[in-house]
Amino acid sequence: MEQALYVRFQGTVRHSRGHFPGVFVLANELAAQGKLTEQQYQFWRSNNDWYDANYTNPSRIDPQVYDPKVHPGAVAWFKSSAEVLIKRVDGYLELLAAHGVECRRLVSSNPGRVIYEDENQIVVVPVGESGV
């Protein structure tokens, strides 16, 4: 059996652009909409700050990586080796569940055409998007 090399946490409802948003986008939306309790907001803010300090934002390296005209459907996946980063997602999943936002954990050894890669993650255009 082939080992899954990549892990993604995403919502179960498509966004307006047609893709399933990731766990961070979903949590950021709740925060932007003012839906978080004070404790949830503190968790969200401190953990987003931790990720910003410990995890490369692909759009800072390539501003077009998530541009829907350039890379339709592009989404990020953790490398399964990024265990420290993946473990911290649990708190986000709890936060989203408290607001009735469903998420699922996906695993894959080939989630799509890789358009960005670093030590912890890849960004891919999924199969079926833009002729892939």
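The values are calculated or read from the model by the stated rules, or taken from the named source; none is laboratory data. The shown structure was predicted, so the numbers you read here are calculated from the model rather than taken from an experiment. All Cβ positions, glycine included, derive from the backbone under ideal geometry; neighbour counts span all protein chains shown.
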Residue in region 66-87 that is surrounded by the most Cβ atoms within 10 Å (Cβ to Cβ), counting only those that are modelled with pLDDT of 95 or more and in a loop (DSSP other than H, G, I, E, B): Ala82
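Could you check region 1-59 and list, in sequence order, the residues that are in contact (Cβ under 8 Å) with a residue 40 or more places away in the chain, polar (S, T, N, Q) and surrounded by 12 or more Cβ atoms within 10 Å (Cβ to Cβ)? Write out each step before concluding.
Narrowing region 1-59 to residues in contact (Cβ under 8 Å) with a residue 40 or more places away in the chain: 2-13, 17-20, 22-24, 26-27, 30, 35-36, 40, 43-44, 47, 55-56, 58.
Going one step further and asking which of them are polar (S, T, N, Q), we end up with 3, 10, 12, 40, 47, 56.
If the condition is that a residue be in contact (Cβ under 8 Å) with a residue 40 or more places away in the chain, polar (S, T, N, Q) and surrounded by 12 or more Cβ atoms within 10 Å (Cβ to Cβ), then Gln10, Gln40, Asn47, Thr56 are the ones that fit.
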Only one of these conditions is not met by Leu96: (1) part of a strand (DSSP E or B); (2) in contact with a strand residue (DSSP E or B) (Cβ under 6 Å, 6 or more places away or on another chain). Which number is it? (1)
